[in-house]
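Notes to accompany the following structure.
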Amino acid sequence: MIMIEVQNLMVFFENALALNDFSMKIEEGEIVGVIGSNSAGKTTLMNTLSGLIIDMRTKEKRKGGERITIYGKIIYRGEDISEMSPSDRVKKGIVLSRERHPVFHESSVLENLKIAGYLRKQSEIREGIEYACRLFPALVALKGRKAGFLSGGEQQMLAIGMSLVVRPKLLLLDEPLLGLSPMMQKMLVEAICRLKDEFGTTVLVTEQFARPVLPIIDRGYVIENGMLTLAGTGRELMDNPEIKAAYFGI
Amino acid sequence: MEDTPEMLLGTIVYAVINSVILIMMSIGFNLTFGISGISNFAYGALYIFAAFTTYMLLQMVGLPYPVAVLISIVLTAAIGALMYRFILMRVRGQVLSEVIATFGIGLAILEFFRYLGFVGVEYALPVFIDDSFMIGDVFVDAQRLIIVAASIVIVGLLWLFVHFTSLGLAFRGIAQDERTALTFGMDSDWIATMSVSLGAALAAIAATIIIPLGTISVSQGYDVLINALAVSIIGGLGSTGGVIVASLVVGFAQRFTDTYIGSHWTMIVSLAAILIVLVIKPSGIYGKQKELEERI
């Protein structure tokens, strides 16, 4: 069953085109990857799916700043959510974990997880924290530590853990592997697989480097300059000569 | 006049009380700024609004004191919320417009009371308990002790509120990283409304406990705003710890100048404190707003 469908999405920042006629779909229970280099439009896509761009557009408008224009449609479980606010989308189960390990630096790890549970009841937050600690056992020992003092990998584990407290149906991970050691990358990739297998979460993950994520994704999209250049299953993309040349250096 | 140990003790006791009053006068202003980045320049006006509202409910409507106080705190909080919804929201992000808008609202409220003729010594609120105590050889009235006790309770409750309630935690989240906070389902306009409203409620609470020491006058509205600004600038905008430390610094400096140098120097000392802080550490004692620029 199709969970979310993006139809002919175009996003402009003033006159600059960040996403150009981009379409994709994600089935329930899939892991889908979006691969692209810097400034390819990955983060814009994530912000548009999560609705953050709606909030950015309102704020820029009030400030008299940059004009953001969005065309196209996003259909989530049969409902058009193109103009829905980010908080309503979170309530529907679309949760974004932003790029560059977004955590609240002044708060402890435990408090970060509690803040993330804003929409949830106390009992659900407790369950969510357990759930996050089960996926990332390293977090347990760090509970009292201020998030600002964690390493990049620990912050990324926390960031994903925070999204889990919200109980996502569709989890959007924006460059979760950015700037991490190969070992940490491997660990996170395994965690993403477990998310799908154990909790049935649908995951959309973006990456600059195809190598660590291609083996685990069911399907992938390659974007360049905001445009879709290639799409296929993980296997197909791995065997594609262009991808090999561009992303594996073979 | 000769320096005596009694005089020193008296100065210290009154410096502590003065500091606590400064904390109460500025904590709401600082909290609103810390959460949503809005400088509420109507803060002093809301303080006076709460005082006059209590006065009217008490003297003209004839409600019991606690009921009048409660209603005026709720009304002031509501005005804060409405101010955000109908005026500030439209200019959000344009700092200068926010300042002009809130200052304009403040002026309108204060000068409206003056226009209505709310001027004179009869405009005062009764003290809670008419009694006095001796601390050592120093004479202190009950109201000042109540101010100290109430402030400790309020600061404690605020701490519990921001660390253990869902809305309080959302405040902490939004204050640290708004866009990330949005990804957890917080609504930035709702949180900002609540932050302005909570700030206004704190102004009303401050007025309720402090005003009984003297009378209500329109010009006090401006004094409260200046004090709140001074303390917040010295302590670092948005930092509650900074407010407490800065209030102690300014509070002690004011009382000691008053006793040992001369009361006409009091204002100069607070202004000098602002200048010194701005020269040495422009973001204030605990401020983070400009940390990066300072490091560079």
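Arranged from highest to lowest average of other beta-carbon atoms within 10 Å per residue, in what order do the peptides B:34-46, A:19-31, A:235-247 appear?
B:34-46, A:19-31, A:235-247
For the protein assembly as shown, what percent of Cα pairs sit more than 35 Å apart? Could the numbers behind the result be given before it?
Details: 68660 of 148785 pairs.
Tail of the P(r) past 35 Å holds 46 percent of the pairs.
What FRET efficiency would be calculated for the residue pair A:S37, A:S151, taking the C-beta separation as r and a Förster radius of 45 Å, to the nearest 0.05?
On the way: r = 26 Å, r/R0 = 0.57.
That pair, A:S37 with A:S151, gives E of 0.95.
With both partners inside the protein assembly as shown, how many of the DSSP beta bridges are antiparallel, as a percent to the nearest 5? Write out the running numbers ahead of the final one.
Values: 29 of 46 bridges.
Roughly 65 percent of the beta bridges in the protein assembly as shown run antiparallel, per DSSP.
Let me check I have the definition right: for chain B, take the eigenvalues of the Cα gyration tensor, multiply each by 5, take square roots. What are those semi-axes in whole Å, largest first? Can you show the working numbers first?
On the way: eigenvalues 183, 127, 65 Å².
Here the semi-axes work out to 30, 25, 18 Å.
Which whole-Hz couplings ³J(HN,Hα) result when phi for each residue of the stretch A:37-45 is put into the Karplus expression 6.51 cos²θ - 1.76 cosθ + 1.60, θ = phi - 60°, listed in order with x for Gly and Pro?
These are the phi-based 3J(HN,Hα) values: 7, 3, 6, 7, x, 5, 5, 4, 4 Hz.
Would you mind working out the accessible area per residue for the protein assembly as shown, using a 1.4 Å probe, and quoting it in Å²? Don't jump to the answer; show the numbers that get you there.
Working: 23950 Å² over 546 residues.
In whole numbers, the protein assembly as shown has 44 Å² accessible per residue.
Starting from 0.36 nm per residue, how many nanometres of slack lie between B:L160 and B:Y222 once their C-alpha separation is accounted for?
Numbers: separation 62, 0.36 × 62 = 22.32 nm, distance 3.07 nm.
Difference between extended and current length: 19.2 nm.
If contacts are Cα pairs under 8 angstrom and at least 6 residues apart, what is the relative contact order of the stretch A:1-148 in percent? Write out the running numbers ahead of the final one.
Values: 183 pairs, mean separation 32.7, N = 148.
Rounded, it is 22 percent for the stretch A:1-148.
Taking beta carbons within 10 Å but only from partner chains, what does the mean come to for residues B:168-180?
Details: counts 1, 10, 3, 1, 7, 9, 3, 2, 10, 6, 2, 9, 13.
Across B:168-180, the average partner-chain Cβ count within 10 Å equals 6.
For the stretch A:28-67, which residues drop by 10 square angstrom or more in accessible area between the chain on its own and all protein chains together (1.4 Å probe)?
Residues shielded by partner chains are A:L52, A:D55, A:M56, A:K59, A:R62, A:K63.
Leaving out ligands, DNA and RNA, calculate the buried accessible area for the pair B and A with a 1.4 Å probe, summed over both sides, in Å² to the nearest 100. List each step's numbers first, then the result.
Details: alone 14450 and 12010 Å², together 23950 Å².
Summed over both sides, the interface buries about 2500 Å².
Per the Cauchy relation, a quarter of the hull surface: what is the mean projected area of the convex hull of the alpha carbons in the stretch A:1-53, in nm²? Please list the in-between numbers first.
On the way: hull surface 15.8 nm².
It is 4.0 nm².
What is the average number of partner chain Cβ atoms found within 10 Å of a Cβ in A:87-99?
Numbers: counts 9, 2, 2, 6, 1, 1, 0, 1, 3, 5, 2, 5, 0.
Shielding by partners across A:87-99 averages 3.
Order these peptides, A:216-225, B:61-70, by their mean beta-carbon neighbour count within 10 angstrom, highest first. Write out the running numbers ahead of the final one.
Numbers: A:216-225: 20.6, B:61-70: 14.2.
Most protected by this proxy first, the peptides run A:216-225, B:61-70.
Please list B:244-250, B:156-162 highest first by mean number of surrounding beta-carbon atoms within 10 Å per residue.
Values: B:244-250: 22.7, B:156-162: 13.4.
Ranked by mean Cβ neighbours within 10 Å, highest first: B:244-250, B:156-162.
For chain A, what does the relative contact order come out to in percent, with C-alpha contacts under 8 Å and a separation of six or more? The partial results should precede the final answer.
Values: 476 pairs, mean separation 66.6, N = 250.
The normalised contact order for chain A reaches 27 percent.
Ignoring any ligand, DNA or RNA, what whole percent of the accessible area of the stretch B:173-296 comes from carbon and sulfur when the probe is 1.4 angstrom? Please report the intermediate quantities before stating the final value.
Values: 3460 of 5140 Å².
In the stretch B:173-296, the share of accessible area belonging to carbon and sulfur is 67 percent.
Other chains' Cβ within 10 Å of A:162-170 residues: what's the mean? Each step should come with its number before you reach the end.
Details: counts 4, 2, 0, 1, 3, 0, 0, 0, 0.
Partner Cβ neighbours, averaged per residue: 1.
Quick one: if the Förster radius is 51 Å, what FRET efficiency do B:F112 and A:E28 give, using the C-beta to C-beta distance and rounding to 0.05? Could you put the intermediate results ahead of the total?
On the way: r = 60 Å, r/R0 = 1.17.
Efficiency computed from Cβ-Cβ geometry: 0.30.
Per the helix-only calculation at 222 nm, which mean residue ellipticity applies to the protein assembly as shown, given -39500 (n - 2.57) for every DSSP H run of n ≥ 4 and division by its residues, nearest 500 deg cm²/dmol?
Values: 22 runs with 306 residues, N = 546.
It lands at -18000 deg cm²/dmol.
Computing the accessible area with a 1.4 Å probe over protein heavy atoms, can you report the carbon and sulfur percentage for chain A? Walk me through the intermediate numbers first.
Working: 5490 of 10740 Å².
Whole-percent figure for carbon plus sulfur exposure: 51.
Between the alpha-carbon centers of the stretch B:1-53 and the stretch B:233-260, tell me the distance in whole angstrom.
9
Over the stretch B:22-177, what number does the Rg to Rh ratio reach, with both radii from the alpha-carbon atoms and Rh per Kirkwood?
Numbers: Rg = 18.0 Å, Rh = 17.8 Å.
Radius of gyration over Kirkwood radius for the stretch B:22-177 works out to 1.01.
The values are calculated or read from the model by the stated rules, or taken from the named source; none is laboratory data. Fair warning: this is a prediction, and the values are worked out from it, not measured in the lab. Heads up, the Cβs are rebuilt from the backbone with ideal geometry, glycines too, and the neighbour counts pull from every protein chain shown. When the accessible area is computed, the model is the full protein with side chains, heavy atoms only, and any ligands, DNA or RNA have been set aside. Shrake-Rupley method; radii C 1.70, N 1.55, O 1.52, S 1.80 Å.
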